[in-house]
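First up is the structure itself, then whatever we jot down about it.
The values are calculated or read from the model by the stated rules, or taken from the named source; none is laboratory data. All figures in this text were calculated on a predicted structure; none of them were measured in a lab. We place every Cβ from the backbone using ideal geometry, glycine too, and count neighbours over all the protein chains shown.
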Amino acid sequence: MTGETRSESRSGGVKSEASLKGRCSWEELREQSELLKSLADPVRLKIVKLLLHGELCVRELSSVFQLSQPTLSYHLKLLERRGILRSRSEGRSRFYRMRDEMVVEIISRVIEALDMLAGT
């Protein structure tokens, strides 16, 4: 043996430790973890659920939340930095929407899975 650890996969095949380690880097895992953390906050999750149905301005979103405008803007900007949302300005208003259809599809499936796991 070469010192590699071997493990059984679900399908019964044996995988080497080296082949398992090569599947994802720690940097990739950190980035994915940060993305999931951004959705783990109840306010941000509600923002995303609302925006799955279409674009809204900050004023419309603030009517749903009992938050100050700066606090709401913080959450919106974080979601935008993570690549989940896009924004645009029109006059003095700022509008937010989901980045693209792929993000809508992925997040919709995640929310469906969470609802299923929670039994709702």
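Of a type in the set (Phe, Trp, Tyr), under 17 Å from Cys57 (Cα atoms) and part of a helix (DSSP H, G or I), is that true of Tyr74? So Tyr74 fits the description; yes. Scan the stretch 87-116 for residues that are surrounded by 12 or more Cβ atoms within 10 Å (Cβ to Cβ) and in contact (Cβ under 8 Å) with a residue 24 or more places away in the chain and jot them down. Scanning the stretch 87-116 gives Arg94, Phe95, Tyr96, Arg97, Met98, Val104, Ile107, Ser108, Val110, Ile111. For the stretch 1-18, the set of residues classified as surrounded by 10 or more Cβ atoms within 10 Å (Cβ to Cβ) and either at pLDDT 90 or above or part of a strand (DSSP E or B) (or both) consists of Arg6, Ser7, Lys15, Ser16, listed by residue number. Just wondering, is there one or more residues in the stretch 42-58 that are of a type in the set (D, E, K, R) and surrounded by 15 or more Cβ atoms within 10 Å (Cβ to Cβ)? The answer is yes; a qualifying residue exists. Only one of the listed residues (Lys77, Lys21) is among the charged types (D, E, K, R) and modelled with pLDDT of 95 or more. That residue is Lys77.
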